[in-house]
Amino acid sequence: MVRDEADIIELFVRINLRTVERLYILDHGSTDATAEIIKRLQAEGLPLSYVHHASDEFQQSQVITHLVNQVANMGVFDYIVPLDADEFIDDPSGQRLQTLDQHLPRDRWGKAPWRTYCPISGDYFGPSAPLYSNFRPRSAEPTRMRKVILGGRFARGCTVLEGNHKAYNLALNNDPVELPHRFNHVPVRHSEQIMRKALLGSRSLALKSNRFAGEGNHWDRLATEIRQRKHQLDDDWLRHHALQYMNALGDQTLRIEEDGPRLGLPTDVMRYKDLAYRPLSVALDAFVGDLVKQIQSLQQQLTQQGAPS
């Protein structure tokens, strides 16, 4: 499930399709060029399905669960892997995931750890293959985050919990299988991406009527820090923030492994870079425009009900 991920969606598709048979992308109201880039990738003939989800409010768990159940009930796929747009199956050759049969029965679910990659430069759009050129792994993961991989039979009636970190199926064994596979994760890419995610995400969550306790609190904290820095984020701050991502215990020994493995291959280039970059001012304009539409809709409802606007 994606929203406004134009800067990474092309690389997400190209890299992960080396490993999986097909991608199903659910777009929750993107206002950038995410949808256009997906259409161009489909025109190339890539095995990619696009679903638009128009609801203003939703719980991620419900939406992802519905899509996972739909795909699983087709009976075509042995395994289903719910991903976010900044997650990449660690499988450079496209062969490693084929060993799932040796570890995960089709009626079980497994979990595999993240490995966070950090930018060594803030110039995300300069290199032709930005993930390969600009990102290196973090020396350790302070929080043992896991993401789910679902056996095809398990997925048919399962529920995927918020964040795709856990799943359950009331009719089957719900003990997770620890897998030797891994996901590479690039939550911090460039300063405008982080400001957009934090500032606009925090405002959106403040308006969400069904926000659950603790949801998006990290965006609120980060938005406060960005405002305190007067919206000026340099390369050093970007690297520091990537290193400290999900570091609740404040581990100060974390470092970037400059000689660590690369993410993807040098051939993983963005052909649609002209669509990938979106200034923060444009994102803000779209956010305000959407907010105005919601206010106008509410005013119309009040008027129809005879209430003073």
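The values are calculated or read from the model by the stated rules, or taken from the named source; none is laboratory data. Keep in mind that what you see is a predicted model, and the values were worked out from it rather than measured. Note that each Cβ is placed from the backbone with ideal geometry, even for glycine, and that neighbours are counted across all protein chains shown. SASA here: full protein model, heavy atoms, side chains in, ligands and nucleic acids out. Shrake-Rupley method; radii C 1.70, N 1.55, O 1.52, S 1.80 Å.
Among 98-106, 296-304, 63-71, 184-192, what's the highest-first ranking by average C-beta atoms within 10 angstrom per residue?
Numbers: 98-106: 14.7, 296-304: 10.8, 63-71: 18.0, 184-192: 21.9.
Most protected by this proxy first, the peptides run 184-192, 63-71, 98-106, 296-304.
Taking max minus min of the alpha-carbon positions on each principal axis, the chain gives extents of 65, 47, 44 Å, largest first.
For the chain, the number of Lys pairs separated by eight or more positions or lying on different chains, with C-alpha atoms closer than 27 Å, is 17.
Could you sort S128, S121 by their accessible area in this structure, using a 1.4 Å probe and putting the largest first? Please report the intermediate quantities before stating the final value.
On the way: S128 75, S121 35 Å².
Largest accessible area first, the list is S128, S121.
Of all complete DSSP H helices in the chain, those with a Cα span along the helix axis of 30 Å or greater and a mean Kyte-Doolittle hydropathy of -0.5 or more are 280-304.
Output the relative contact order of segment 93-250, whole-number percent, from Cα pairs under 8 angstrom with separation of 6+ residues. Before the final figure, lay out each step's value.
Details: 214 pairs, mean separation 47.6, N = 158.
Reported as a whole number, the value is 30 percent.
Taking the solvent-accessible surface of protein heavy atoms with a 1.4 Å probe, what is the per residue accessible area of segment 1-89 in Å²? Before the final figure, lay out the partial values.
Working: 3520 Å² over 89 residues.
Accessible surface, normalised per residue, equals 40 Å².
Note on the chain: with neighbouring protein chains present and a 1.4 Å probe, carbon and sulfur make up 50 percent of its accessible heavy-atom surface.
Note that segment 216-300 presents 66 Å² accessible area per residue, ligands and nucleic acids not counted, probe 1.4 Å.
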